[in-house]
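Remarks on the structure that follows.
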Amino acid sequence: MAVWARHVSRWRCLLRTGCPGRPRGRGYAQAGRGFARSALLPSRNDVLPWRLQACRLVSVESCSSPDSAKDGSFSSPESNLPSPVKQEQAKAEMLPDLNAKVLYEDWDDVPPSSALEEISEEEAVKIIAEPLLPLHSSTLRDYVDHSETLAKLVHLGVDLSQVEKRQKAGQLLLTLDFEKDIKKILLFLKDVGVEDNQLGPFLTKNPYILGEDLEALETRVAYLKSKKFGEAEIAQMVSRAPYLLLFSVERLDNRLGFFKNELGLSVKKIKNLVIRFPRLLTGKLEPVKENLQVCQIELGFQRNEIQQIVFKTPKILTASKKRLKQTFDYLHNIMGIPHHMLTRFPQVFNSKLLRIKERHMFLTFLGRAQYDPAQPSYISLDQLVSLPDEVFCTEIAKASIQDFEKFLKTL
């Protein structure tokens, strides 16, 4: 009788735990046909947790207290089980609830605070909001405080107000990293011979070199060395013509060949020419061709005279054609300077025409305008245009600076 009572008590507890609130009677039997079995029975994945829960409830809760047996009620089933069974129940009691574990893991993932969450005034004061970078700007000044690259370039002496005027130069600087991209170029320029105090002005004129491949730059320097240019000469050329190293080896070679063929000068003289005026290698070639034709056809210089003029004054190749013709017209037709004298002093073409006119007219007023070397009181063209006003008045015109200034007011 006691064994049967224990079984009945256990099944009652299982049914009460697994199917709470179960309706009874015929109505339940008929209604149960309309429900899916999955609604009443646990799935295969839930069998183990369900059984563990049932086992735990059976082992922990007594269906009736041990003292109730005296009153004729059923006693606790655990009290009549042998010790091995009690040990198994203790193990079952220690098993974790899988559903509870998942729930606890979800609790650990605390969601972030909402942007609408209220905070205290003290916390609000501590919040530092960084200003947003402008999506579009016409000046690099808006980015200096946010860009380490721009800040360091300014420290080097780069004038960003001039850089941003160059096409796409500002965009280039914003895409470069100082440590990764710029630092190696700066070290290269120092190795070439650019002085520390010249790095800022150099990059202001040519910021594009920061985007060049280092190996390509080294190849171009190696080419110049192969053409017998010394390190000091290369440093001078790069400093005076910042765009020089942007030209590929092929373009540099073509430029040197062009001047050699057009001018008919020796390799040594061409080398000397580009050292003194390296912008010949980086400028446009069309103005050079046009000025050579002007000197030969319109001004009437011979080829050998053009060679001498260009070698002494290479800037004449890039001068304005209009200015070149006006200066020649005044020197040759008004002052009467012959071609061979102009060939001897070609630096006169680099002087301002107004300066030439003022001094020539003052000498003519004083009766001292003599430019023939065979005549006494000869005045060379170099003295005419190169001396300061005070020296010109006292040594050449033999007059005071006040007299010269009074004369200029009469013009």
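The values are calculated or read from the model by the stated rules, or taken from the named source; none is laboratory data. Predicted model, so just to flag it, every value in this text is computed and none were measured. All Cβ positions, glycine included, derive from the backbone under ideal geometry; neighbour counts span all protein chains shown. Only protein heavy atoms, including side chains, enter the accessible area calculation; ligands, DNA and RNA are left aside. Shrake-Rupley method; radii C 1.70, N 1.55, O 1.52, S 1.80 Å.
Observations, loosely collected:
- Some residue of segment 302-310 being within 27 Å of Glu195 (Cα to Cα), open to solvent by 50 Å² or more (accessible area, probe 1.4 Å) and either in contact (Cβ under 8 Å) with a residue 60 or more places away in the chain or out of contact with any Leu (no Cβ under 6 Å at 6 or more places or on another chain) (or both): no
- Matching residues in segment 345-370 - criterion: being more than 30 Å from Lys284 (Cα to Cα), out of contact with any Phe, Trp or Tyr (no Cβ under 7 Å at 6 or more places or on another chain) and part of a loop (DSSP other than H, G, I, E, B): Gly367, Arg368, Ala369
- Reported count of residues in segment 345-364, each being within 18 Å of Ala399 (Cα to Cα) and under 48 Å from the mean Cα position of the chain (by Cα), is 1.
- Checked against the criterion of being assigned to a helix (DSSP H, G or I), in contact with a helix residue (DSSP H, G or I) (Cβ under 6 Å, 6 or more places away or on another chain) and basic (Lys, Arg), the candidates Lys180, Lys190, Lys184 yield just one match: Lys184.
- The combined condition, being on the phi < 0 side of the Ramachandran plot and surrounded by 14 or more Cβ atoms within 10 Å (Cβ to Cβ), is not fulfilled by Glu286.
- Between Gly336, Gly367, the distinction of being over 54 Å from the mean Cα position of the chain (by Cα), closer than 30 Å to Leu265 by Cα and surrounded by fewer than 17 Cβ atoms within 10 Å (Cβ to Cβ) belongs to Gly336 only.
- Residue within segment 371-379 that is exposed (fewer than 14 other Cβ atoms within 10 Å of the Cβ) and assigned to a helix (DSSP H, G or I) present: no
- Close pairs (7 angstrom Cβ cut-off, 6 or more residues apart or separate chains): touching a residue at least 24 places away in the same chain (Cβ under 8 Å) and within 19 Å of Glu286 (Cα to Cα) in segment 258-272, outside any helix (DSSP H, G or I) and open to solvent by less than 90 Å² (accessible area, probe 1.4 Å) anywhere: Phe258/Leu285
Residue-wise test of (1) surrounded by 19 or more Cβ atoms within 10 Å (Cβ to Cβ); (2) at pLDDT below 95; (3) in the same structural domain as Glu305 (by the TED database); (4) closer than 19 Å to Phe277 by Cβ.
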{"position": "Asp177", "(1), (2), (3), (4)": "no, yes, no, no"}
{"position": "Gln198", "(1), (2), (3), (4)": "no, yes, no, yes"}
{"position": "Glu218", "(1), (2), (3), (4)": "no, no, no, no"}
{"position": "Ser226", "(1), (2), (3), (4)": "no, no, no, no"}
{"position": "Leu246", "(1), (2), (3), (4)": "no, no, no, yes"}
{"position": "Lys260", "(1), (2), (3), (4)": "no, yes, no, yes"}
{"position": "Gly264", "(1), (2), (3), (4)": "no, yes, no, yes"}
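- Selection within segment 339-364 - open to solvent by 20 Å² or more (accessible area, probe 1.4 Å) and aromatic (Phe, Trp, Tyr): Phe345
- Look at (1) among the hydroxyl-bearing types (Ser, Thr, Tyr); (2) loosely packed, with under 15 Cβ neighbours inside 10 Å; (3) in contact (Cβ under 8 Å) with a residue 40 or more places away in the chain and you find that Thr410 fails only one, number (3).
- Residues of segment 380-396 satisfying the condition of being hydrophobic (A, V, I, L, M, F, W, C) and not in a loop (DSSP other than H, G, I, E, B): Leu381, Leu384, Val385, Val391, Phe392, Cys393, Ile396
- Residue-level check: of (1) farther than 13 Å from Leu246 by Cβ; (2) among the small types (Gly, Ala, Ser); (3) over 14 Å from the mean Cα position of the chain (by Cα), Ala216 misses just (1).
- Subset of segment 220-246 [within 23 Å of Leu172 (Cα to Cα) and of a type in the set (S, T, N, Q)]: Ser239
- Annotation note: of Glu290, Glu305, the sole residue that is touching a Lys or Arg at 6+ places or on another chain (Cβ under 9 Å), more than 26 Å from Lys205 (Cα to Cα) and not basic (Lys, Arg) is Glu290.
- Boolean, Phe362 is at pLDDT 95 or above and under 30 Å from Lys271 (Cβ atoms): no
- Yes/no for Leu153 being surrounded by 13 or more Cβ atoms within 10 Å (Cβ to Cβ) and modelled with pLDDT of 55 or more: yes
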